[in-house]
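To start, the structure itself, in structure tokens.
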């Protein structure tokens, strides 16, 4: 790879493209590509190979440049996902158009999830799940939003399980939600929603299996989500509510009154952090009333 980088630097300095078409260089590049199972496995190698094919594409006549263009797109894909500024301007514009299309699909999936949650429309949750599956499949693991998209798919699968009873959907929801936590992401990424979503999947698994480990882990990851969302965080009320719900389920399974008292305290805090007009305000208010009644008993 070092030799290829040297050739690219020489071509850039001299503006002589002939070394790019040297038979020995071409043969060596073919060998390098063979050692790289997936471009996403080594972004720096993909960057070098992307520039090799892009420069060849720029110097080939129309009609003979397609293979190098396709190769450049393939190799620069994971590079764009990791850092769009490292991609040639023309290709960056192409990838940005693709991103815009993906964002429209994500907006559609979010709309379908809202429809399903409002009126139980089964077709909406099926379409949302299919859309999110496709989006995740087309997103490179190095993409800065890969974890977000995995987490969104986990939410859709959890809701699909709740609507259909499909145990495989719940198992897949757990898998992709754990993948979201493990996926690489920029340092600025807010991990709280991923953790909170995983917590909700684990609560569903506990309801389905009655395995205590799931609800214990659900409270742990939900607690971490709250810790990552300081006062003033726009979704802190949601994370507090999810933790309170997990603790309530834990109490129902174990009868531990200390857990119930913590669930009550968190429910009060969640309601205080929720604006009166919020879509979940009444749900959280009723949950608090239920907990207060439980403590009085």
Enumerate the helices (runs of 4 or more DSSP H) found wholly within region 153-271, keeping only those where 1 or more residues are within 23 Å of residue 281 (Cα to Cα) and at pLDDT 95 or above.
192-209, 212-227, 236-254
Could you list, in sequence order, all residues of region 272-297 that are farther than 26 Å from residue 212 by Cβ and part of a loop (DSSP other than H, G, I, E, B)?
273, 274, 275, 276, 277, 278, 279, 280
Within region 28-40, is even one residue modelled with pLDDT of 90 or more, surrounded by 15 or more Cβ atoms within 10 Å (Cβ to Cβ) and within 20 Å of residue 138 (Cβ to Cβ)?
no
With respect to residue 75, determine if the residue is touching a residue at least 24 places away in the same chain (Cβ under 8 Å) and either within 25 Å of the chain's Cα centre (by Cα) or crowded, with 17+ Cβ neighbours inside 10 Å (or both).
yes
Hits in region 43-83 - residues which are at pLDDT below 85 and outside any helix (DSSP H, G or I)
none
Given the structure, is residue 82 assigned by TED's automatic domain parsing to the domain that holds residue 20 and crowded, with 17+ Cβ neighbours inside 10 Å?
yes
Mind checking which residues of region 123-146 are touching a helix residue (DSSP H, G or I) at 6+ places or on another chain (Cβ under 6 Å) and in contact (Cβ under 8 Å) with a residue 24 or more places away in the chain?
125, 128, 129, 131, 132, 135, 136, 139, 140, 141, 142, 143
Confirm whether residue 104 is at pLDDT 90 or above, out of contact with any helix residue (DSSP H, G or I) (no Cβ under 7 Å at 6 or more places or on another chain) and part of a helix (DSSP H, G or I).
yes
Checking the structure you have, find out if any residue of region 109-125 is in a helix (DSSP H, G or I), within 27 Å of residue 79 (Cβ to Cβ) and not assigned by TED's automatic domain parsing to the domain that holds residue 247.
yes
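The values are calculated or read from the model by the stated rules, or taken from the named source; none is laboratory data. Note that this is a predicted model, so its numbers are computed, not measured. Don't worry about glycine lacking a Cβ; one is built from the backbone with ideal geometry, like all the others, and counts go over all protein chains shown.
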